[in-house]
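Undergrad: Right, I'll just put the structure down here and ask away after.
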Amino acid sequence: MATHDHLTAEEEFRLTGTLSAKKIEVLLDFEAMAQALAGVENRLLDAKAQFPSEDFLSGALLRLQALAKRVRGSNRTELLEIIESLVQIQSQQFQSSEHGISELDEAIGEIIGVEPPAKHVNKPKGTGQ
(Lines give C-alpha, C1' and ligand atoms only; values in the text may rest on other atoms or scores of the structure.)
Protein backbone atom coordinates (compact mmCIF):
# COMPACT_ATOMS: atom_id res chain seq x y z
CA MET A 1 0.00 0.00 0.00
CA ALA A 2 1.42 3.35 -1.03
CA THR A 3 1.77 6.02 1.61
CA HIS A 4 0.77 9.58 0.90
CA ASP A 5 2.65 11.25 3.75
CA HIS A 6 4.21 13.77 1.38
CA LEU A 7 0.78 15.03 0.26
CA THR A 8 -1.37 17.63 2.00
CA ALA A 9 -4.67 16.42 3.39
CA GLU A 10 -6.47 18.07 0.48
CA GLU A 11 -4.19 16.46 -2.11
CA GLU A 12 -4.50 13.04 -0.50
CA PHE A 13 -8.28 13.26 -0.33
CA ARG A 14 -8.59 14.38 -3.97
CA LEU A 15 -6.24 11.60 -5.09
CA THR A 16 -7.57 8.71 -3.00
CA GLY A 17 -11.02 9.79 -1.81
CA THR A 18 -9.96 9.18 1.77
CA LEU A 19 -7.44 10.34 4.37
CA SER A 20 -4.98 8.56 6.60
CA ALA A 21 -5.88 8.29 10.27
CA LYS A 22 -2.98 10.60 11.13
CA LYS A 23 -4.24 13.36 8.84
CA ILE A 24 -7.79 12.94 10.13
CA GLU A 25 -6.48 13.40 13.68
CA VAL A 26 -4.61 16.57 12.64
CA LEU A 27 -7.76 17.95 11.00
CA LEU A 28 -9.85 17.15 14.08
CA ASP A 29 -7.27 18.92 16.25
CA PHE A 30 -7.44 21.89 13.89
CA GLU A 31 -11.24 21.95 14.10
CA ALA A 32 -11.05 22.04 17.90
CA MET A 33 -8.52 24.88 17.70
CA ALA A 34 -10.72 26.79 15.25
CA GLN A 35 -13.69 26.48 17.59
CA ALA A 36 -11.59 27.77 20.46
CA LEU A 37 -10.56 30.78 18.34
CA ALA A 38 -14.14 31.58 17.29
CA GLY A 39 -14.68 34.06 20.13
CA VAL A 40 -11.21 35.56 19.97
CA GLU A 41 -11.97 37.84 17.01
CA ASN A 42 -14.76 39.60 18.89
CA ARG A 43 -12.53 40.03 21.93
CA LEU A 44 -9.79 41.55 19.76
CA LEU A 45 -12.28 43.91 18.11
CA ASP A 46 -13.47 44.96 21.56
CA ALA A 47 -9.87 45.54 22.67
CA LYS A 48 -9.26 47.61 19.53
CA ALA A 49 -12.22 49.85 20.40
CA GLN A 50 -10.69 50.70 23.79
CA PHE A 51 -7.87 52.80 22.34
CA PRO A 52 -8.38 56.57 22.62
CA SER A 53 -8.99 58.66 19.52
CA GLU A 54 -6.35 60.99 18.11
CA ASP A 55 -8.04 64.03 19.66
CA PHE A 56 -8.89 62.53 23.05
CA LEU A 57 -7.47 65.59 24.87
CA SER A 58 -8.67 68.24 22.42
CA GLY A 59 -11.55 69.48 24.58
CA ALA A 60 -9.33 69.96 27.62
CA LEU A 61 -6.58 71.53 25.50
CA LEU A 62 -9.00 74.04 24.01
CA ARG A 63 -10.18 75.04 27.48
CA LEU A 64 -6.61 75.40 28.71
CA GLN A 65 -5.65 77.49 25.66
CA ALA A 66 -8.64 79.76 26.29
CA LEU A 67 -7.55 80.07 29.92
CA ALA A 68 -3.97 80.85 28.86
CA LYS A 69 -5.27 83.88 26.93
CA ARG A 70 -6.65 85.31 30.17
CA VAL A 71 -3.67 84.50 32.40
CA ARG A 72 -0.61 86.75 32.48
CA GLY A 73 3.01 86.60 33.55
CA SER A 74 4.75 83.51 34.86
CA ASN A 75 1.42 81.73 35.34
CA ARG A 76 0.76 82.02 31.61
CA THR A 77 4.26 80.73 30.77
CA GLU A 78 3.80 77.76 33.09
CA LEU A 79 0.32 77.04 31.70
CA LEU A 80 1.61 77.14 28.11
CA GLU A 81 4.36 74.66 29.08
CA ILE A 82 1.74 72.37 30.60
CA ILE A 83 -0.37 72.65 27.43
CA GLU A 84 2.67 71.74 25.31
CA SER A 85 3.35 68.72 27.54
CA LEU A 86 -0.24 67.58 27.14
CA VAL A 87 -0.02 67.99 23.34
CA GLN A 88 3.09 65.76 23.37
CA ILE A 89 1.35 63.21 25.58
CA GLN A 90 -1.62 63.19 23.20
CA SER A 91 0.67 62.67 20.21
CA GLN A 92 2.63 59.86 21.91
CA GLN A 93 -0.56 58.17 23.04
CA PHE A 94 -1.98 58.36 19.53
CA GLN A 95 1.17 56.80 18.06
CA SER A 96 1.06 54.01 20.65
CA SER A 97 -2.64 53.49 19.95
CA GLU A 98 -2.01 53.28 16.21
CA HIS A 99 0.65 50.63 16.81
CA GLY A 100 -1.64 48.67 19.12
CA ILE A 101 -4.51 48.85 16.65
CA SER A 102 -2.20 47.72 13.84
CA GLU A 103 -1.06 44.74 15.91
CA LEU A 104 -4.66 43.80 16.73
CA ASP A 105 -5.59 44.09 13.04
CA GLU A 106 -2.75 41.72 12.17
CA ALA A 107 -3.85 39.27 14.86
CA ILE A 108 -7.43 39.38 13.58
CA GLY A 109 -6.17 38.77 10.04
CA GLU A 110 -4.11 35.81 11.18
CA ILE A 111 -7.09 34.30 12.98
CA ILE A 112 -9.44 34.78 10.04
CA GLY A 113 -6.86 33.56 7.53
CA VAL A 114 -5.60 30.60 9.56
CA GLU A 115 -4.33 27.78 7.38
CA PRO A 116 -4.83 24.30 8.77
CA PRO A 117 -1.62 22.71 9.99
CA ALA A 118 -2.43 19.66 7.85
CA LYS A 119 -1.02 21.52 4.86
CA HIS A 120 2.39 21.36 6.48
CA VAL A 121 2.21 17.94 8.11
CA ASN A 122 4.44 15.05 7.16
CA LYS A 123 7.04 16.91 5.19
CA PRO A 124 9.79 14.64 3.94
CA LYS A 125 12.65 14.58 6.45
CA GLY A 126 15.91 16.19 5.51
CA THR A 127 14.47 18.49 2.86
CA GLY A 128 14.67 21.60 5.01
CA GLN A 129 11.25 22.68 3.80
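The values are calculated or read from the model by the stated rules, or taken from the named source; none is laboratory data. This structure is a prediction, so every number in the text was calculated from the model and none was measured. Every residue, glycine among them, receives a Cβ derived from its backbone with ideal geometry; neighbour counts consider all protein chains shown.
Undergrad: If you scan region 32-50, which residues turn out to be without any contact (Cβ under 8 Å) to a residue 24 or more places away in the chain, closer than 18 Å to ASP105 by Cβ and assigned to a helix (DSSP H, G or I)?
TA: Matches in region 32-50: ASN42, ARG43, ASP46, ALA49.
Undergrad: While we're here: Among the listed residues GLU115, GLU110, GLU81, which satisfies the condition of being modelled with pLDDT of 95 or more and out of contact with any Gly (no Cβ under 7 Å at 6 or more places or on another chain)?
TA: From the options GLU115, GLU110, GLU81, the qualifying one is GLU81.
Undergrad: Taking ARG76 as meeting all but one of (1) surrounded by 12 or more Cβ atoms within 10 Å (Cβ to Cβ); (2) in the same structural domain as THR8 (by TED's automatic domain parsing), write down the number of the exception.
TA: Going through (1) surrounded by 12 or more Cβ atoms within 10 Å (Cβ to Cβ); (2) in the same structural domain as THR8 (by TED's automatic domain parsing) one by one, ARG76 breaks only (2).
Undergrad: Looking at (1) within 30 Å of LEU7 (Cβ to Cβ); (2) acidic (Asp, Glu); (3) assigned to a loop (DSSP other than H, G, I, E, B), which one does ASP55 not meet, given that it meets all the others?
TA: The one condition ASP55 does not meet is (1).
Undergrad: Go over the candidates LEU57, LEU15, LEU64 one by one and state the one that is more than 22 Å from ILE112 (Cα to Cα), without any contact (Cβ under 8 Å) to a residue 24 or more places away in the chain, surrounded by 10 or more Cβ atoms within 10 Å (Cβ to Cβ) and touching a helix residue (DSSP H, G or I) at 6+ places or on another chain (Cβ under 9 Å). It would help to see each step written out before you state the result.
TA: Numbers: LEU57 fails: without any contact (Cβ under 8 Å) to a residue 24 or more places away in the chain; LEU15 fails: touching a helix residue (DSSP H, G or I) at 6+ places or on another chain (Cβ under 9 Å).
Result: LEU64 is the single residue among LEU57, LEU15, LEU64 that is more than 22 Å from ILE112 (Cα to Cα), without any contact (Cβ under 8 Å) to a residue 24 or more places away in the chain, surrounded by 10 or more Cβ atoms within 10 Å (Cβ to Cβ) and touching a helix residue (DSSP H, G or I) at 6+ places or on another chain (Cβ under 9 Å).
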